[in-house]
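Q: Dropping a structure here in structure tokens format, bear with me for questions.
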Amino acid sequence: MNGTQVSKEAQPLCATRAVKVLKYLHSMVPKTVPRSSLHALEKLPSNLLAGLHTASDWDKVTEDAQLKSWLANNPIPSPKAKVSGPLFHGTLVFAQVSFAAPGLAPSGISAADTQTAINYATLAVVPIQRYASQYGPNSVSVWPVAIPYTAMVQGGAFGPAEFEGWVDDVAQFMRSQQVPDPCIVIMHNRSLPNSPSFTGQGNSLQPSHHSITGSGTPYCYSLVFDENLSIADNNHTVNNQANEKVYAHTLSHEIAEMVVDPRVDGSNPEVCDACSTNCNPFNLFELFDQNGGYMGGTADTGQASGFAFFINSIVRPGVVLDSNSCLAQGGDVQSACTYPPPVETGQLLSYGDAGTPGNVSDPVVVGFGGWLDFKFLFSGTNVAGENRIYAVVA
Ligand SMILES: [Zn+2]
């Protein structure tokens, strides 16, 4: 197994901002500029694309004189720190993609590893939903099983258009299964034999990102750096570092950012970049025990112990960010990123009662928010015997 190229910290963990800039240019640059000049931008490094709103040397960006002049006269909007669009309300659906090419054995992450990632995500979305609620109402659940999908690849590489076609295929299937708002998660381990590369957005080492298809399906593309995954993601040795992570850092980053910014249309911020190697020489993580209890933060999950799972930290709303979505100079990254998931008000909780003294259970959240609007809530049964919640609007 090629473990040597894994998780070089200080490489940007995530390329969502670069993908966003490309999407923006495709929609805004006038049709008189050849589309081939826009496609040529996909070969630029993702950090150059991500910072295009601050660029001034257009010779480094494009050879097309017409595009150069358009870029000089039409500044690209800076990333937003505040939310102006809706957050995600829906279901994460993991596709177990098998990349297939004529004459080659198919390549893809195993069913067992995909299921481990699903089980991880089922735990991780609980704190992610709470951190994201600082930015607005949201809900996120995880489909309990993977959807197998065979992706035909020509020439050892695929681009964004093909990738989004696969996402839409899986989403269409899920909508036919009464899952109306899926976000499709596709994980990719490029070190597996016969693995194709995702070349359309630059080179084959393009980082993980989230985006949305032309027909409106959000998705997460998340890199995986080894096999035999575990929920705590601390069972690999990478670059001689024991207990290293190989998937949960990228997966939690993309899920959390997708939940806050499902549309990738410039209206909402990317909330993990300020706490990751997009902005810093290190990534920050939050640790949770097996009951989902908060244990604190760390930059080095390999040195931490006793945790059941971790997620990439989510920056507090209200801290001052610079034009690259990083903490402004003088800002304290630790205090901006490391804090317990906030308690959400207005949730509807369900308590079990065994009928014996002291036996009322820990509550389960059955309604995500907005229940403070009601003056009274009580349960009952209608004449057909169906369980009902009755509410009195204040
Ligand atoms: Zn990001």
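Read the figures in this text as sums done on the coordinates, not as results from a lab. Just so it is clear, the structure is predicted and the values come from calculations on it, not from any experiment. Counting neighbours? That spans all protein chains shown, and the Cβs are built from the backbone with ideal geometry, glycine included.
Q: For F309, F158, F198, which order do you get if you count the other beta carbons within 10 Å of each Cβ and list the fewest first? Present the calculation step by step, with values, prior to reporting the outcome.
A: Working: F309 27, F158 20, F198 23.
So the residues, fewest neighbours to most, are F158, F198, F309.
Q: Here's a follow-up. Just the isolated ones, please: cysteines in the chain lacking another cysteine beta carbon under 4.7 angstrom.
A: For the chain, the answer is C14, C183, C220, C272, because their Cβ atoms have no other cysteine Cβ under 4.7 Å.
Q: While we're here: When averaged across all projection directions, what area in nm² does the alpha-carbon convex hull of the range 16-73 cover?
A: 3.5 nm²
Q: Taking the Cβ of T217 as the centre, find all other residues whose Cβ is under 12 Å away and add up their charges (Lys, Arg: +1; Asp, Glu: -1).
A: -2
Q: Pick from P34, P106, P262 the residue whose mean-square fluctuation is largest in a GNM of the chain, springs joining Cα atoms under 10 Å.
A: With Cα springs under 10 Å in the chain, the top fluctuation among P34, P106, P262 is at P34.
Q: What three numbers, in Å, describe the spread of the alpha carbons of the range 133-174 along their principal axes, ordered from the longest?
A: 44, 23, 16
Q: Hey, rough spin-label estimate for A101 and A55, points 7 angstrom out along Cα→Cβ, what's it come to in nanometres?
A: Between A101 and A55, the label points sit 2.9 nm apart.
Q: Taking only Cα atoms and a 10 Å spring cutoff, compute GNM fluctuations for the chain and point out the largest among A65, A354, A146.
A: For the chain, modelled as a Gaussian network with Cα springs under 10 Å, the answer is A354.
Q: So what's the angle, to the nearest 10 degrees on a 0 to 90 scale, between helix 248-260 and the longest Cα principal axis of the chain?
A: Approximately 80 degrees, to the nearest 10.
Q: In degrees between 0 and 90, to the nearest 10, how far off the longest principal axis of the chain does helix 160-176 point, with axes built from Cα atoms?
A: Once rounded, one gets 20 degrees.
Q: Report the relative contact order of the range 348-393, percent, no decimals, based on alpha-carbon pairs under 8 angstrom and at least 6 residues apart.
A: After rounding, I find 28 percent.
Q: Any idea which of G346, A304, G136 is furthest toward the positive side of the dipole for the chain, if Lys and Arg beta-carbons carry +1 and Asp and Glu beta-carbons -1?
A: G136
Q: Compare V315, V167, V145 in a GNM of the chain, Cα atoms joined below 10 Å, and give the one with the largest fluctuation.
A: Looking only at V315, V167, V145, the largest GNM fluctuation is found for V145.
Q: Would you pull out the residues with amide H under 5 Å of T91's amide H, same chain only if 5 or more places away, H placed 1.01 Å from N?
A: S141, D181, C183
Q: Something else about it: Once a ≥ b ≥ c are taken as the square roots of the eigenvalues of the Cα gyration tensor of the range 348-393, is the result rounded (a/c under 1.5), prolate (a/b larger than b/c) or oblate (a/b not larger than b/c)?
A: Cα axes put the range 348-393 in the oblate bin.
Q: Another one. Tally Lys and Arg at +1 and Asp and Glu at -1 over the other residues with C-beta under 12 Å from the C-beta of T298: what net charge comes out?
A: Counting the neighbours of T298, the net charge comes to -1.
Q: Taking the Cβ of L287 as the centre, find all other residues whose Cβ is under 14 Å away and add up their charges (Lys, Arg: +1; Asp, Glu: -1).
A: Once positives and negatives cancel, what remains is -3.
Q: Would you please report the Å³ per residue occupied by the convex hull of the alpha carbon atoms in the range 90-226?
A: 117 Å³
Q: Hey, if you put +1 on the Cβ of every Lys and Arg and -1 on every Asp and Glu Cβ in the chain, which of A146, F88, T114 ends up farthest toward the positive end of that dipole?
A: F88
Q: Which of the listed residues, H39, G358, S69, is farthest toward the dipole's positive end in the chain, when Lys, Arg count +1 and Asp, Glu count -1 at the beta-carbon?
A: Going by the Cα projections, it comes out as S69.
Q: What 222 nm value per residue comes from the helices of the chain, counting each DSSP H run with n ≥ 4 as -39,500 (n - 2.57) and dividing by all residues, nearest 500 deg cm²/dmol?
A: Value at 222 nm, helices only: -7000 deg cm²/dmol.
Q: Using the crude model of +1 on Lys and Arg Cβ and -1 on Asp and Glu Cβ, and no other charge, please compute the dipole size for the chain relative to its Cα centre, in debye to 20.
A: Dipole about the Cα centre, nearest 20: 700 debye.
Q: Next up: Give me the compactness ratio for the chain, meaning the Cα radius of gyration over 2.2 N^0.38 Å.
A: Its radius of gyration relative to the 2.2 N^0.38 Å reference: 1.04.
Q: So, R0 is 35 Å and r is the distance between the beta-carbons of A72 and A328; what FRET efficiency does that work out to, to 0.05?
A: In this case the efficiency is close to 0.85.
Q: I'm checking a number: the convex hull volume of the Cα atoms of the range 293-394, normalised per residue, in Å³. What is it? Working shown, then result.
A: Numbers: hull volume 21.3 nm³, N = 102.
Dividing the Cα hull volume of the range 293-394 by its residue count gives 209 Å³.
Q: Something else about it: Could you give the nm distance between label points at Q303 and L38, where each point is 7 Å from its Cα heading toward the beta carbon?
A: With each label placed 7 Å out from Cα toward Cβ, I get 4.7 nm.
Q: Okay, moving on. From the C-alpha coordinates alone, can you work out the Kirkwood hydrodynamic radius of the range 162-259, in Å?
A: 14.7 Å
Q: Follow-up. Using 0.36 nm times the number of residues separating F282 and S84, minus their current alpha carbon distance, what extension gain do you get?
A: Separation in residues times 0.36 nm, less the Cα-Cα distance, equals 68.4 nm.
Q: A follow-up question, please. So which aspartates and glutamates can K82 reach, going by Cα to Cα under 14 Å and dropping same-chain residues fewer than 8 places off?
A: Here the aspartates and glutamates satisfying the reach criterion relative to K82 are E257, D261, D265, E270, D322.
Q: Something else now. Expressed in nm to one decimal, what extension gain is obtained for the pair F173 and A354 from 0.36 nm per residue of sequence separation less their Cα-Cα distance?
A: Contour length minus the Cα-Cα distance gives 61.1 nm.
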